[in-house]
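Okay, structure first, notes after.
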């Protein structure tokens with residue numbers, strides 16, 4: 001059985017800066033947000049989206065295609081009505097013990 005991850009579990013391992021994501025989403029008044037994760041974080045995608053849904057008034061799409069860096073944005077999403085996109089990347093995912 002797969003473990004159900006919580007934000008608390010993730011914050012022990014990674015510096016995700018989810019409060020900044022919440023602020024940016026709210027500042028933009030976004031209604032539909034696309035989130036792109038590197039392969040190592042895709043297993044936590046639903047926990048992260050659940051958290052963001054609780055803190056904002058919008059819906060989220062999770063991009064499950066490849067993500068090899070900041071220049072690797074999804075192709076063919078123009079007609080989806082996305083207001084905002086958040087891309088979690090490897091540089092910002094430093095383990096917490098390196099950030100403190």
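The values are calculated or read from the model by the stated rules, or taken from the named source; none is laboratory data. If you're wondering where the values come from, they're calculated on a predicted model, not measured in any experiment. Note that each Cβ is placed from the backbone with ideal geometry, even for glycine, and that neighbours are counted across all protein chains shown.
Considering only region 23-45, how many residues are under 22 Å from residue 77 (Cα atoms), in contact (Cβ under 8 Å) with a residue 24 or more places away in the chain and under 11 Å from the mean Cα position of the chain (by Cα)?
Counting residues in region 23-45 that are under 22 Å from residue 77 (Cα atoms), in contact (Cβ under 8 Å) with a residue 24 or more places away in the chain and under 11 Å from the mean Cα position of the chain (by Cα) gives 7.
Based on this model, can you work out whether residue 18 counts as surrounded by fewer than 16 Cβ atoms within 10 Å (Cβ to Cβ), modelled with pLDDT of 85 or more and closer than 13 Å to residue 86 by Cβ?
So residue 18 fails the test.
Can you pull out the residues in region 43-100 that are surrounded by 16 or more Cβ atoms within 10 Å (Cβ to Cβ), within 20 Å of residue 15 (Cα to Cα) and at pLDDT below 85?
67, 88, 93
Within region 47-64, which residues are part of a helix (DSSP H, G or I) and either under 9 Å from the mean Cα position of the chain (by Cα) or at positive phi (or both)? Lay out the reasoning, then the answer.
Pass one, region 47-64, residues part of a helix (DSSP H, G or I): 47-55.
Within region 47-64, 48, 49, 52 meet the criteria.
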